[in-house]
Amino acid sequence: MSKEPIPLVDLKAQHREIAEQVQRGFARVMENTSFILGKDVAEFEAAYARFSGVPHCIGVANGTDALELALRALGVGQGDEVILPANTFIASALAVARAGATPVLVDCDPRYQLMDPDRVRAKLGPRTKALMPVHLFGQMAPMEELEKIAAERRLLLVEDAAQAQGARQQGRPAGSIGSASGTSFYPGKNLGAYGDAGAVLTGSDELARKVRALRNYGSEVKYHHPETGFNSRLDTLQAVVLLAKLERLARWNEARRKAAARYHELLGSIDGVKLPSTLPGNEHIWHLYVVRVPRRDQVLEKLQEQGIGAGIHYPAPLHLQGAFRHLGHRRGAFPVCEAAAGEILSLPMFPEITPEQQARVADALREALG
Ligand SMILES: *Cc1c(COP(=O)(O)O)cnc(C)c1O
């Protein structure tokens, strides 16, 4: 009986599949020494724009920067409020704060744990400048209703698409709906680099031009800097990795969907396990497979004892993080996501996970809950 540990994410199999292509690409970049914004970056940007059905993709240093630069290019800053969910990775809100604006947090809906349009409406005010839905765990927030609110109130819509590369809603790709969107190619994302990387997507020529300048010291013409910019470019070597992985992403996402279906079947009959729900109209790409269980911390510990790399995304909502204490929310402010935070459990999920591994996860979970 194999007792090999099962990691939450296994990046080794993907590397084996692309290793040669990456080696060749790295060798080529080193040979021609165009390390910054080389041809591979432009090629990846074009390919990812096409993949996302958006006219422009601008590669940047990471996902947090992508969101910050998108907000800055849109003119969001000091005095502005940006509404976003309290249950997201901290980077969504850090980007808002770093752009100089104030994050306004909202609770999620109880079923899908996505940004809830009704709760967004309750937070609208004279300073609201933008909505930032997060496409959490691989499925998109309810965009149609959020677009309606944005249109009614003349608000900007900036998608955090870091967990949704290849996801769709009513056929529309993640990242293609807002005025702009930011995504992350952190290694563990569905499309992951071999280090930090990210991108801004937008349909606007003007906005794309602004982001390109912002990521490159605020410059469009070398050594001319009409504005204060950043050094936040997508690394050329990372572009080589991303190009190799992008070719395979649709197939890998399909493998994740199959794995999710298998989990549904294996776990559906276990008492106490609440399966993840997919919002109708969403094509989920299962960045994470998140169930809810009672006595979560004990269950997690038991799984880890069995070598199963389960995790929690995320143990505390943003309003309970020290970094955002100054927003003045107490425990109890967002009861839906607080309750979820105590029950959620992310199970191992990656395209290459085998039915045997999934069966072991299911057995361990049944035992832990028994
Ligand atoms: C990963 C992630 C980010 C940030 O990306 P980095 O590349 O780590 O800066 C932002 N938002 C969400 C929802 C993420 O999961």
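Just so it is clear, none of the values below were taken in a lab; they were calculated from the coordinates. Just so it is clear, the structure is predicted and the values come from calculations on it, not from any experiment. FYI the Cβ positions are ideal-geometry reconstructions off the backbone, even for glycines, and counts take in every protein chain you see.
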LEU124 in contact (Cβ under 8 Å) with a residue 60 or more places away in the chain, surrounded by fewer than 24 Cβ atoms within 10 Å (Cβ to Cβ) and of a type in the set (A, V, I, L, M, F, W, C): no
Failed criterion for HIS224 (all others in (1) crowded, with 16+ Cβ neighbours inside 10 Å; (2) without any contact (Cβ under 8 Å) to a residue 40 or more places away in the chain hold): (1)
Members of the stretch 179-219 found to be in contact with a strand residue (DSSP E or B) (Cβ under 8 Å, 6 or more places away or on another chain) and either free of Cβ contacts under 8 Å to residues at least 12 places away in the same chain or assigned to a strand (DSSP E or B) (or both), listed by number: ALA180, SER181, GLY182, THR183, SER184, GLY198, ALA199, VAL200, LEU201, THR202, ASN216
Residues being away from the ligand (no atom under 15 Å from the Cβ), under 22 Å from LEU237 (Cα atoms) and either part of a loop (DSSP other than H, G, I, E, B) or more than 17 Å from the chain's Cα centre (by Cα) (or both) - total across the stretch 39-70: 11
Scope the stretch 1-38; condition in contact (Cβ under 8 Å) with a residue 24 or more places away in the chain, assigned to a helix (DSSP H, G or I) and loosely packed, with under 14 Cβ neighbours inside 10 Å; matching residues: ALA13
2 or more residues farther than 22 Å from VAL9 by Cβ: qualifying helices (runs of 4 or more DSSP H) within the stretch 263-370: 335-341, 355-369
